[in-house]
Amino acid sequence: MTALLSVIALVLLLGASLVLLISHHWRWSIVALALQYVAVFLLVQQVWPLGLSAVKLVVGWMAGAVLTASQPEAGLEEDAVSWATRIFRTVAAFLVWLVAYALSPVVVEVIGGTEIFHFCSLVLVGMGLLQLGVSTRPLRIILGLLTALAGFELLYAVVEDSIMVAGLLAALNLGLSMAGAYFLSLDSTEESR
Amino acid sequence: MNAPLIWIVIPLALTGLLWFFHKQIKHSALITFFICLALVVLAFVLPVGSFIKMGLLTFEIPTTLTLFGRRLVLEAADRYWLILVYGLGALWALGIVQSRVHRSFSPLSLLMIVLLVAARAVEPFLYAALLVAVAVLASLPLMLPPGGRPGSGITRYLIFQTLAVPCILLAGWAASMVDINPSNEVLRLVASVSLGLGLAFWLAVFPFYTWVPLVAGEAHPFAAGFVLSLLTTTALFLGLDFLNGFGWLRNSEIIIAAFRLVGVFMVVTGGVWAAFQEDLTRLFGYAIIVDLGAALLAISLRSEIGLTIFAAGLIPRLISLFVWALALACLQGRQIPLTFTGVTGLGHRLPLLAAALGLACLSLGGLPLLAAFPARQALLVELAAQSLPVAIWTLLGGFGLLLGGFRLLHVLLLRTEQGWRIGENLSEGLLLSTGIIILLLIGIFPGGILGDLPQTMLLAFPNLP
């Protein structure tokens, strides 16, 4: 059962993080973010109690809701929809997955846990960093930070199950989404002038 | 009543109350000033952790507050830190009205200070990373009030400060594992690398410092000056806490060598960029980088004198940054472009503003008779004793910033057709001239002004040499 859940989470993560990287529609991006947090929940509940791991899901969805409320149409505008850009990003994503695959046994050796679990966490960290590297738009940056942080939270869940840490990380995720919403509101105010 | 309640919980509650007054900018600035001043005075007079006898009454101010199973601890040794940060808050509150900064500055600045004090007080230490991250989030509306637009500097600032969180959390876990199993080299490597990265992100260390000059240019100069002063000072103290807490870390040759290497890089690159800078806000950013590099070099000396130099350099640095940021904000308030061309001949129209700009820059560059000189000179002497090439490079970096300062001074004093006049208003003039006098007094009588405050700071790090 655990293995099946891990595989479902892996497929969800790979798909969602790729959509987040190449999508130019904010609705698709927010849906992908929500699915990404479903995958994070499926993985975290393997090492944490169900109630505590549900925090990750709720917080992730709330972060998505906060970003949605700010109507981030302008947030993804910068990137002209070109196939070359999409192909480049997809190739870069495959490279990140390869690196994550190569590194996951090393992380298992140091931290513990399973390879598939750490492959997922490293994919998220890598995709988040890639997202941060390819754009300067506020929404993409916040999505990148949330993705990278979600990856780290997976990794960290294996070694730390403190409620206080979970709470503070949840506050940080929500704070980031609020910062993103604030940036987007500034952007739209500027444009409406 | 315990120490964390006095310096963390009550100020936090007052921050909430302050929000109701934030539209009356003068009142909120005054309230912030008095709150911070009261906390500084309390840090001076209250003997935390020991018994106080008042007539027949004897009571103790405990050091610890337990909150959700975690502890906030403020000991007598943290006095210097409390005086420093709340003193910083009081100082910057004085300039709120003159700088024409956004009205949310008062509550947000106090909130940041409280969160950063909590970050140093919290145990286990790893929670500090999360509290610093929350403080960073609070600083965003402070630097970028409604009406602004997030530029690449602010977004990079957010990225780097957020990425520091996982690094520090991981370092905290790995370091505690190394304490349990000292022979595990892999965990030691993980702890060192993640701590190094985390501190590099926090402190805007080479090569992650590109956001500093950009933020100085994008945000309101006064707000940027406050955030950069407070965050970097806190990050330096947290770095020392890490070194103090883990024996294997403070004895690691690699960590100390890394501190020295990045310190030199920061002083040299910051100095070179400052020497050829035409933008006043970026010059401000590069001066911060040079000064941070010098602070890292002082820590890398790994001796009591090195730490004393670091501590002695803090107050001059914070006052120089305040004077500089206030002068920049006053110029911006007058719609004067913050470039060398924009301030040409300004010394004839606004002599106090011009003097503040020039002297603050030269002070951070380590010019003799100005505030930062005694600590910088002592640093160069100690560095030369350990490694002459490092001392020479540090000297050259300092010269770069001084060159930038002299170029600025030259531009400010260029002859114009207008005659001399004092164009500053009374409050600006009073604040700026007091700042200038303090910069000069600390430079001429460093021991007399600072007293034993730097040595008091060392009490917080009993395990460091």
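The values are calculated or read from the model by the stated rules, or taken from the named source; none is laboratory data. Keep in mind that what you see is a predicted model, and the values were worked out from it rather than measured. Please note: Cβ atoms are built from the backbone with ideal geometry, for glycine as well, and neighbour counts cover all protein chains shown. Accessible surface is based on the protein model in full, side chains and every heavy atom, while ligands, DNA and RNA are left aside. Shrake-Rupley method; radii C 1.70, N 1.55, O 1.52, S 1.80 Å.
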Taking A:Leu122 and the conditions (1) under 18 Å from B:Leu169 (Cα atoms); (2) more than 7 Å from chain B (Cβ to nearest Cβ); (3) open to solvent by less than 20 Å² (accessible area, probe 1.4 Å), which numbered condition does it fall short on, given that it satisfies the others?
(3)
Which condition from (1) within 7 Å of chain B (Cβ to nearest Cβ); (2) in contact with a Gly (Cβ under 7 Å, 6 or more places away or on another chain); (3) at pLDDT 90 or above is the one that A:Gly151 breaks?
(1)
Log entry, pairs with first residue in the range B:39-58 being in contact (Cβ under 8 Å) with a residue 24 or more places away in the chain, second being open to solvent by 50 Å² or more (accessible area, probe 1.4 Å) and in a loop (DSSP other than H, G, I, E, B), beta carbons closer than 7 Å, six or more apart or on different chains, reads B:Val48/B:Glu75; B:Gly49/B:Glu75
Within the range B:171-181, which residues are within 20 Å of B:Asp241 (Cβ to Cβ) and out of contact with any helix residue (DSSP H, G or I) (no Cβ under 6 Å at 6 or more places or on another chain)?
B:Gly172, B:Trp173, B:Ser176, B:Asp179, B:Ile180
The one condition B:Tyr209 fails out of (1) in a helix (DSSP H, G or I); (2) closer than 30 Å to B:Phe340 by Cβ; (3) open to solvent by 10 Å² or more (accessible area, probe 1.4 Å) is (1)
Among residues of the range A:144-169, those that are aliphatic (A, V, I, L, M) and farther than 24 Å from A:Leu35 by Cβ, counted
5
Considering the range B:109-128 alone, what residues qualify as being more than 9 Å from chain A (Cβ to nearest Cβ), open to solvent by less than 20 Å² (accessible area, probe 1.4 Å) and either part of a helix (DSSP H, G or I) or not aliphatic (A, V, I, L, M) (or both)?
B:Ser109, B:Leu110, B:Met112, B:Ile113, B:Val114, B:Leu116, B:Val117, B:Ala118, B:Ala119, B:Ala121, B:Ala128
Just checking, which of B:Leu30, B:Leu42, B:Leu14, B:Leu18 is assigned to a helix (DSSP H, G or I) and open to solvent by less than 20 Å² (accessible area, probe 1.4 Å)?
B:Leu18
Out of (1) within 12 Å of chain B (Cβ to nearest Cβ); (2) open to solvent by 10 Å² or more (accessible area, probe 1.4 Å); (3) not hydrophobic (A, V, I, L, M, F, W, C), what's the single condition that is false for A:Thr90?
(1)
When you check B:Val165 against the structure, is it under 19 Å from A:Leu146 (Cα atoms) and touching a residue at least 24 places away in the same chain (Cβ under 8 Å), yes or no?
yes
B:Leu170: buried (at least 24 other Cβ atoms within 10 Å of the Cβ) and within 18 Å of A:Ala171 (Cβ to Cβ), yes or no?
no
Subset tally (residues that are open to solvent by less than 10 Å² (accessible area, probe 1.4 Å), facing chain B (nearest Cβ under 9 Å) and in contact with a Leu (Cβ under 7 Å, 6 or more places away or on another chain)) for the range A:154-168:
1
Find the helices (runs of 4 or more DSSP H) located wholly in the range B:244-313 whose residues include 3 or more that are within 22 Å of B:Tyr80 (Cβ to Cβ), of a type in the set (Gly, Ala, Ser) and in contact with a helix residue (DSSP H, G or I) (Cβ under 8 Å, 6 or more places away or on another chain), and list them.
B:280-300
Filter result for B:Leu352 (of a type in the set (A, V, I, L, M) and either at pLDDT 95 or above or under 22 Å from the mean Cα position of the chain (by Cα) (or both)):
no
Only one of A:Leu43, A:Leu67, A:Leu57 that is farther than 28 Å from A:Phe183 by Cα and either acidic (Asp, Glu) or touching a residue at least 12 places away in the same chain (Cβ under 8 Å) (or both)
A:Leu43
Against the conditions (1) open to solvent by less than 40 Å² (accessible area, probe 1.4 Å); (2) within 24 Å of B:Ser50 (Cβ to Cβ), where does B:Ala90 fall short? Just the number, please.
(2)
Quick one: what pairs do we get from the range A:98-113, first residue more than 14 Å from chain B (Cβ to nearest Cβ), second acidic (Asp, Glu), C-beta under 9 Å, 6+ apart or different chains?
A:Tyr101/A:Glu115; A:Ser104/A:Glu115
B:Gly217 vs (1) out of contact with any strand residue (DSSP E or B) (no Cβ under 9 Å at 6 or more places or on another chain); (2) open to solvent by 10 Å² or more (accessible area, probe 1.4 Å): all pass except (1)
With the structure loaded, tell me whether B:Phe284 is in contact with a Gly (Cβ under 9 Å, 6 or more places away or on another chain) and open to solvent by 40 Å² or more (accessible area, probe 1.4 Å) or whether it fails that test.
no
From B:Pro337, B:Pro389, B:Pro374, grab the single residue that is open to solvent by 30 Å² or more (accessible area, probe 1.4 Å) and in a loop (DSSP other than H, G, I, E, B).
B:Pro337
Cβ-Cβ under 6 Å, sequence separation 6+ or interchain: first residue in the range A:133-145 and surrounded by fewer than 23 Cβ atoms within 10 Å (Cβ to Cβ), partner outside any helix (DSSP H, G or I). Which pairs?
A:Arg137/A:Glu78
Return a yes/no flag: does the range B:219-232 have any residue that is modelled with pLDDT under 90 and not hydrophobic (A, V, I, L, M, F, W, C).
no
Looking across the range B:174-186 at residues that are without any contact (Cβ under 8 Å) to a residue 60 or more places away in the chain and surrounded by fewer than 21 Cβ atoms within 10 Å (Cβ to Cβ), the single one that is nearest to the other protein chains (Cβ to nearest Cβ) is B:Val186
